[in-house]
Amino acid sequence: MENDNTTSNVITNLITEFSKLPGIGPKSAQRLTYYMVKITKDQAFNLSKAIAELKEKILSCSECFNITEQSPCGICSSETRDTSIICVVEQPIDVIHIERTGVYNGLYHVLNGVISPINGIGPENLKINEFFQRIFSLQIKEVILATNPSMEGEVTSMYINNFLSEKNIKTSVLARGLPIGSDLEYTDDLTLVKALEGRKLLE
Amino acid sequence: MVRNIQKTEGIVIKHIPIGEADRIVSLISPSIGKIRAVARGSRKPKSKMGGHLTPISHVKLSIATTKTIDQITEVETIESFRKIKEDLSLLSKASYMAELAESFVQEENESKQIFYLLLKCLNLLQIVPDTEILIKFFELKLFSLSGFKPEMIICSECGIKLTPSSYKFNFESGGLLCSKCTLEIHSPGEKLSINSIKLIRFIQNENFEKISQLNSTKNLLDEIEIVISKYLKSILDKELKSKPFLDLVAKQTKHSIQSKKIR
Ligand SMILES: [Zn+2]
Ligand SMILES: [Zn+2]
């Protein structure tokens, strides 16, 4: 990067902070920083205030571990949601995506990660025990496992399913298969097998 | 930039997300040992590479050497080990073997034998009924291939030939100790019964087809497991990350009669 004589410390600091963000490399960090030089004081203040507020006001829901401004969150305390069905997701952002579809009206449980044996992440590092306790106290009838179709996501689903299968609770996973807009020619056989298994009759 | 493209095969060990849509993938290959390379765009749903880079997959790939990190330019699955991936117990074992193999392979070093040992054991994992003894087979063969073969014939301290009996296994010297050396050494190690010693020798010398015909080895395997896991720790000087999950799943599958698969 630039040498110390020509670049101010203030600039370098901001570049360093930006490059810590996901998906932002040194080039983008530089571009963002020089963009910030040009914005108005108000804009800059609003941005820093929004970030500070986020850290002050956002907390994790004591029930479902989604991020929220009040705990329990809006979904957990809602009276119109179906409390007999629960959808298990990896991250808070997954809740937003599923909510946006508008086709699901049950509860959620955010695991805050996935089991990854080779990275040393086991069930004890996630909100899995909390989930097991929750399905009993809520008398859940159906569980939807909506972890990602990655190896880690599948391991996590299998682990939870092993537990649930002994408890007589209906369990399903999201359909696995070909992403819309993909190409059969370049699809790996595991995805293809899942897509074949999950094929649907045309009406 | 002049690019040097290498074609090879590999077993995917793990990957970590990086940037917006990329992954850094770790593999082991027969020709160039440990590989760490970036797969650009592989996290995008339409990626041609994504699905092929799942951990515990045998793949064919092209790698471009660049100034910084190597880059995967093409990848195609040879074997996806579907049965392993649909069974929690098999998957916990496969993850353990993969991590173990990776710890013994060096970067940019030929590692044909370890590669083919892992490949063979992943294939066997999908078909053999007794996967406990398969793990022991894998560990002991891996020790032999990487210069850590446990000494089971002579005393690993003084070299005297051992008569059939039970002996202590010493982790520093990597083998059995005669009764005289056992008394002289401060912490001699862990006891192995005469039958466990015989079983270890048998596994060291035979192929899996013969080993899988043995029966009633359960108690011996438990004894051997203690010695091997301590020996491993002393060689690698670290705990394997996938070991706690392996132990957890093993404990749980003992409780429930069968682990049901997701259908
Ligand atoms: Zn909540
Ligand atoms: Zn001796």
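The values are calculated or read from the model by the stated rules, or taken from the named source; none is laboratory data. Quick caveat: nothing in here was measured; it's all calculated off a predicted structure. No Cβ is skipped: glycine too gets one built from the backbone with ideal geometry, and neighbour counts run over all protein chains shown. For the accessible areas, the whole protein counts, side chains as well, though only heavy atoms, and no ligand, DNA or RNA atoms are used. Shrake-Rupley method; radii C 1.70, N 1.55, O 1.52, S 1.80 Å.
Odds and ends about this structure:
- Seen through its C-alpha gyration tensor, with square-root eigenvalues sorted a ≥ b ≥ c, the range A:9-57 comes out oblate because a/c lies at 1.5 or above while a/b is not bigger than b/c.
- Pairs of Cα atoms nearer than 8 Å and 6+ residues apart set the relative contact order; for the range B:87-258 it is 25 percent.
- When the accessible areas of A alone and B alone are added and the area of the pair subtracted, with a 1.4 Å probe, the result is around 2900 Å², both sides summed.
- Degrees between helix A:9-19 axis and first principal axis of chain A (Cα, 0 to 90, nearest 10): 20 degrees
- Mean Cα-pair separation over length for chain A, i.e. relative contact order, pairs under 8 Å, 6 or more apart, %: 13 percent
- Share, in percent, of DSSP beta bridges within the protein assembly as shown that are antiparallel, nearest 5: 70 percent
- Alpha-carbon centroid distance for the pair the range B:131-163 / the range A:178-203, whole angstrom: 47 Å
- P(r) weight above 28 Å for the protein assembly as shown, C-alpha pairs, percent: 62 percent
- Loop-located GluC sites (Glu not before Pro) in the range A:27-126, at most 13 other Cβ atoms within 10 Å (DSSP): A:GLU69, A:GLU79
- Gyration tensor (alpha-carbon) shape descriptor, the range B:130-200, a/c threshold 1.5: prolate
- C-alpha center-to-center spacing [the range A:52-89, the range B:181-248] in angstrom: 48 Å
- Crossing angle, helix B:112-125 versus chain B [Cα axis fit, 0-90 degrees, rounded to tens]: 90 degrees
- Carbon-plus-sulfur accessible fraction, chain B (probe radius 1.4 Å, protein heavy atoms only): 50%.
- Think of the range B:87-258 as having a plus end and a minus end, set by charges on the Cβ of Lys, Arg, Asp and Glu; of B:LEU177, B:MET152, B:PRO164, B:PRO164 sits farthest toward the positive end of this dipole.
- Translational diffusion coefficient (Stokes-Einstein; Kirkwood radius from C-alpha pairs) of chain A at 10 °C, 1.306 mPa s, in µm²/s: 77 µm²/s
- With Cα atoms, 0 to 90° folded angle of helix B:88-104 axis to chain B main axis: 90 degrees
- Dipole magnitude of chain A, debye to nearest 20 (Cβ charges: Lys/Arg +1, Asp/Glu -1, about Cα centre): 360 debye
- Label-to-label distance, A:ASP183 versus A:GLU79, with points set 7 angstrom from Cα along the beta-carbon direction: 5.5 nm.
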